[in-house]
Amino acid sequence: APPAGCLAISPWVDLGEERTGGSRLSNERWDFLPGDMIDLLARETVEASGSDASHSPVKFDLHSLPPTLIQTGQCEVLHDQQVRLARAAAAAGTPTTLTVFRDMPHVSPIFSFCHETPRTAL
């Protein structure tokens with residue numbers, strides 16, 4: 001049987017995204033995930049797999065996904081990617097919910113022990 005749903009918590013979905021604007025730059029001072037580390041890991045991942053950035057999930061055919069919940073922190077460097085994924089999935093006909101945690105960084109639910117906002121994710 002196919003999965004009943006998909007949960008994506010702060011997914012990294014565009015290996016080819018340049019660090020030239022948007023949340024990659026504007027949120028770098030707030031997020032604990034350094035932009036230069038993302039660039040290095042993207043380069044290493046693409047080279048090691050022998051593929052290219054077109055293998056990024058945001059570029060996949062998303063029409064056959066089950067209902068999908070994408071959670072992102074408003075202060076994530078990857079926030080814009082996650083919004084693009086939600087829009088692309090919805091445009092492909094996938095029932096999609098995007099939850100944005102205000103003033104929160106990457107993988108917001110791990111901060112539920114000390115902050116009220118991500119407790120709603122759990």
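The values are calculated or read from the model by the stated rules, or taken from the named source; none is laboratory data. The shown structure was predicted, so the numbers you read here are calculated from the model rather than taken from an experiment. Positions of Cβ are backbone-derived with ideal geometry, glycine not excepted, and every protein chain shown enters the neighbour counts. Only protein heavy atoms, including side chains, enter the accessible area calculation; ligands, DNA and RNA are left aside. Shrake-Rupley method; radii C 1.70, N 1.55, O 1.52, S 1.80 Å.
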message: If I model a spin label at Ser64 and Glu28 as a point 7 Å from the Cα along the Cα→Cβ vector, what separation in nanometres do I get?
response: 3.9 nm
message: If you count only protein heavy atoms and use a 1.4 Å probe, how large is the accessible surface of Phe101, to the nearest 10 Å²?
response: 10 Å²
- line: Quick calc, the chain, dipole around Cα centre from Cβ unit charges on Lys, Arg (+) and Asp, Glu (-), nearest 20 debye, gives 400 debye
- line: In the list (1) 50; (2) 30; (3) 23, the entry giving percent of Cα pairs over 24 Å apart computed from the coordinates is (2)
query: Which longest uninterrupted range of the chain lacks any GluC sites (Glu not before Pro) assigned by DSSP to a loop state (not H, G, I, E or B) and surrounded by at most 12 other Cβ atoms within 10 Å?
result: 19-115
- request: Springs between alpha-carbon atoms under 10 Å, Gaussian network over the chain: tell me which of Thr94, Thr20, Thr68 tops the mean-square fluctuations.
  value: Thr20
message: If I take R0 = 25 Å and measure r between the Cβ atoms of Cys114 and Glu44 in this structure, what FRET efficiency does the formula 1/(1 + (r/R0)^6) give, to the nearest 0.05?
response: 0.20
- prompt: If amide H atoms are built 1.01 Å from N in the plane of the peptide, which residues on other chains or at least 5 residues away come under 5 Å of the amide H of Thr96?
  reply: Thr68
